[in-house]
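The values are calculated or read from the model by the stated rules, or taken from the named source; none is laboratory data. What you see is a predicted model; the values in this text were computed from it and never measured. Cβ coordinates were reconstructed from backbone atoms using ideal geometry, including for glycine residues, and neighbour counts include every protein chain displayed. The accessibility values were calculated without ligands, DNA or RNA, using every heavy atom of the protein model including side chains. Shrake-Rupley method; radii C 1.70, N 1.55, O 1.52, S 1.80 Å.
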Amino acid sequence: MEIIYNNDKLILNEGETGFSLIKRLDLKNKLDILVYKLNGELYDLATPIKSEGEFSFVTKTDPEAFTILNHDSAHLLAQAVLSLYPDAKFGIGPAIKEGFYYDIDFGSVVINDDDLVKIERKMSELSKEDHRISMKLVSQQEALEIFKNNEYKVELINEITDRITVYTQGNFTDLCYGPHMPSTRYVKFFKLLSLAGAYWRGDAKRKQLTRIYGISFFSKEELDAHLHNLEEAKKRDHRKLGKELGLFMLSEYGPGFPFWLEKGMSLYHELEHWWISKQRRDGYEFIKTPTLLSRDLWEISGHWANYRDNMYTTKIDEKDYAVKPMNCPGSILIYNNSLHSYKDLPIRLAEHGNVHRHEASGALNGLFRVRNFTQDDAHIFCRRDQLQSEIKRLLKLYDEVYKTFNLSYHIELSTRPENKYIGDLKTWNESEKALAKACVAFGIPFKVNEGDGAFYGPKLDFKLRDSIGRIWQCGTIQLDMNLPERFDISYIDRNNKKVRPIMLHRAVFGSIERFIGILIEHYAGAFPLWFAPEQISVLPVNNEAHLKYAAKLNKKLINLGLRSSLNGANEKLGYRLRQSQIAKIPYTIVIGDREMNENLVTYRKFGKEDQITVPYKDFIAMIRREIKNKA
RNA sequence: GCCGACGUGGCUCAAUUGGCAGAGCAAUUGAUUUGUAAUCAAUAGGUUGCAGGUUCAAGUCCUGUCGUCGGCACCA
């Protein structure tokens, strides 16, 4: 039998394993080899190479290495837990993008953060003890016997239809497909990060297990760098910055209902004004629909039946009302307010609509998940033949918006769910094709999530990537085959017949509140000039000599439409400069004798340490240019 | 909603085994008039989230409750 290895044919010995091959080839980097890969599948080094094909060794630097290491780390965690808590029962323990976790039933024992430290120490011990990790193929009967005291594994075993393998290291044996590295000593640089409750098999009706999260790397440097990044992420937490920069607040009197402070409201207004002007340019008509609408409407839309628990309702004059959790029904009422000709389409109704949803208390999170937020919503009513071009327009608009904030993104297309869906197949196929085709035409790649669409239609989701690499789902374009039927909307075609238009829902930010939260973290509170709540701070060097002039200059800047403020506190210049740095104000200008007498401006830009002196009009020109370029 | 942790001046945090609630920053007042990240001094600021309980005595222990955080579930 022969394999292709390093582009060469290699004849295998009888019963050759990864280990024996490493030995035979006398590979220098043998300690870096984790597993081997045969025809794209990964195997333990101890497993005999069973067929011909493309062969390679996977080393610490290969893309698969991180997952393998973290999967091994989950096993090491379990081994450590078992030795400290012999009665613990194990659920599942996979590697994930951000490391690994293991779901464990500790019985009546309560685990806290101090225990994590103990477990971590035990893991290090077990790692040093260099336990061999060995795999064994077993029958279902044997597997059931091995895990007879663990109802979780038994449940899993009963569902497995192909081969069952178990992995053993020391006295810990786990049900696992593998692959694993040869021994526990490969897991060396790791950290247990947090403790959480997690429902068995993700089902809220089933038992909650204790989940331990951790992450593992091949070097101390990588681990330290990762921990450092976590610290950095904490520093830009929008809740922390929101407090420090005076942007918004939360109150126990309204959990999940954010209060906007003056500076935060400035962000909000800037963002909204800019965004409204872009949408007007693109042919959107702005509307506003009521916050409180009668139950009858929500029954037609289907929300009363499906989301009543998450809606705020009230009784007025013996009639039920609900605070709107969505803007669509209101928008449709406006569409239905008049007859529409095929010539009028597409009609693009936009509403920055303030909605309330009673989210579960445990779901609330700063501005990211709130009970009162504003959707930058729009509903597009168009003809079938306009669908393609409408989507293309949207892609262009989304691209422009996200690029303005320096956010890169990727698109995911979710298609028709297998069983539960409404509408006819023809429309589904046509719409999915239109969404895909528009992406291709726009020249942007997309990922397909088969069967992940809403029951009422396919959608495109936009996943943004921020300045430190985190992914946020914001924008969405959804085709709706449900509401047009329920509200019986139509337009009159050229044959004078009533025809059902296509309805698109679209939001680019998703929620303005959440988007601002994301931008706070993305910019770490140091907003670009056009967007910053305070753009310029004017500091007179000496209050007696320069305050008057500085105040005049500040007034001048304000009259030019700039958000400028004077800092004439009785403090040293250094102290006031520090204040503007802490407030992350883009430009701090210092006014002294020279500036006053020669009409100059000495400025320091946030994030830079040098001071630059220029004529006043050059400074204004520069500021204007920067604002215009949204830099 | 569920599991776990936490809740002390505006902010960040102290307070031995239960034993007089304290500091820095911010604020106010006064002095100082400052050229690129903290001038000096004084003053004021608290029913320790809230409601009960145990105790001679509770920030500390117990019960309940509200809120926040890390996750899970949920996210039209």
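Brief remarks on what is shown
- Test result for A:Leu69, open to solvent by less than 50 Å² (accessible area, probe 1.4 Å) and out of contact with any helix residue (DSSP H, G or I) (no Cβ under 6 Å at 6 or more places or on another chain): yes
Each row is one residue, and each column tells you yes or no for (1) modelled with pLDDT of 95 or more; (2) not aliphatic (A, V, I, L, M).
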{"residue": "A:Gly451", "(1), (2)": "no, yes"}
{"residue": "A:Met481", "(1), (2)": "no, no"}
{"residue": "A:Ile492", "(1), (2)": "yes, no"}
{"residue": "A:Val508", "(1), (2)": "yes, no"}
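- Residue list for the stretch A:294-308, filter: free of Cβ contacts under 8 Å to residues at least 40 places away in the same chain, open to solvent by less than 80 Å² (accessible area, probe 1.4 Å) and not hydrophobic (A, V, I, L, M, F, W, C): A:Ser294, A:Arg295, A:Asp296, A:His303
- Restricting the stretch A:72-97 to residues that are open to solvent by 10 Å² or more (accessible area, probe 1.4 Å) and part of a helix (DSSP H, G or I) leaves a set whose member that is farthest from A:Asp32 (Cα to Cα) is A:Leu84.
- Where strands (runs of 3 or more DSSP E) fall entirely within the stretch A:506-620, those with at least 3 residues that are open to solvent by less than 50 Å² (accessible area, probe 1.4 Å) and farther than 30 Å from A:Asn372 by Cβ are at A:536-540, A:587-591, A:600-605.
- As a summary of the residue check, A:Ile287 satisfies the conditions (1) within 16 Å of RNA strand B (Cβ to nearest atom); (2) touching a residue at least 24 places away in the same chain (Cβ under 8 Å) except for the one numbered (1).
- Any hit, the stretch A:217-235, residues being among the charged types (D, E, K, R) and assigned to a strand (DSSP E or B): no
- Every residue from the stretch A:236-276 that is assigned to a helix (DSSP H, G or I), among the charged types (D, E, K, R) and surrounded by 15 or more Cβ atoms within 10 Å (Cβ to Cβ): A:Arg239, A:Lys240, A:Lys263, A:Glu270, A:Glu272
- In the stretch A:571-586, the condition of being over 30 Å from A:Lys240 (Cβ atoms), at pLDDT 95 or above and either of a type in the set (A, V, I, L, M) or more than 7 Å from RNA strand B (Cβ to nearest atom) (or both) is met by no residue.
- For the stretch A:360-385, the candidate set comprises residues that are assigned to a loop (DSSP other than H, G, I, E, B) and open to solvent by less than 30 Å² (accessible area, probe 1.4 Å); within that set, the residue that is nearest to RNA strand B (Cβ to nearest atom) is A:Gly366.
- Tally of residues being among the hydroxyl-bearing types (Ser, Thr, Tyr) and open to solvent by 50 Å² or more (accessible area, probe 1.4 Å) across the stretch A:44-66: 1
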